[in-house]
1. Rg(Cα) of the chain divided by 2.2 N^0.38 Å?
2. How far apart, in nanometres, would the label points at residue 61 and residue 116 be if each is projected 7 angstrom from Cα along the Cα-to-Cβ direction?
3. How much length is gained if the chain between residue 140 and residue 24 is pulled fully straight, taking 0.36 nm per residue apart and subtracting their Cα-Cα distance, in nm to one decimal?
4. Listed highest first by mean packing, meaning other Cβ atoms within 10 Å per residue, what order do 35-42, 69-76, 137-144 come in?
5. Check every DSSP H run in the chain and write down those whose alpha carbon atoms cover 30 angstrom or more along the long axis and whose mean Kyte-Doolittle hydropathy is -1.0 or greater.
6. Take the alpha-carbon centre of the range 29-49, take the same for the range 116-148, and report the distance between them in whole Å.
Amino acid sequence: MASERTEKEQHFIKLLKQNALKVTPHRLRVLQEITHKDAAISQPDLEKIVGKDIDRVTLYRILSSFEDKGIVHKIFDLNGTATYAICSAECSADHHHDQHVHFICSVCNSVFCLQEISLPKIPVPPNFTLHSIALNAVGLCDSCQKEA
């Protein structure tokens, strides 16, 4: 288990350095928490987890820099709260390649990336620039399905 954590931490260090971000304990901790769950995680949930160590403003700046660098992508849940999930290896500061469907549970509001379902290419009119596409599937996650 300790070697797995070390490998994961080494991956995070490499990821931060590749994106010209200083390696700090706070950034490493946020990456650890984001990748800890199968579902995306919201800033309020992250605050509850790391709030004793990382203040709200610092957390916001970390998430913002991660999004700007293509390390995480933001998905809004059913309440309009931003949740964050780790990006694919193809993402960069210039372009997010995380154009996939997100599944949102209508009971627990968890957000899951459905990486295997790609979104179609959307033709836009001349002189239009497409920045992102958001397609959400809403239903019951496996945990809520078992409880229903």
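What follows is calculated from the coordinates using simple rules that are stated; it is not laboratory data. Not measured: the values here are computed from a predicted model. Positions of Cβ are backbone-derived with ideal geometry, glycine not excepted, and every protein chain shown enters the neighbour counts.
1. Cα-based Rg divided by the globular estimate yields 1.11.
2. 4.1 nm
3. Taking 0.36 nm per residue and subtracting the Cα distance, the gain is 38.0 nm.
4. 69-76, 35-42, 137-144
5. On the way: long enough: none.
Helices passing the filter in the chain: none found.
6. 21 Å
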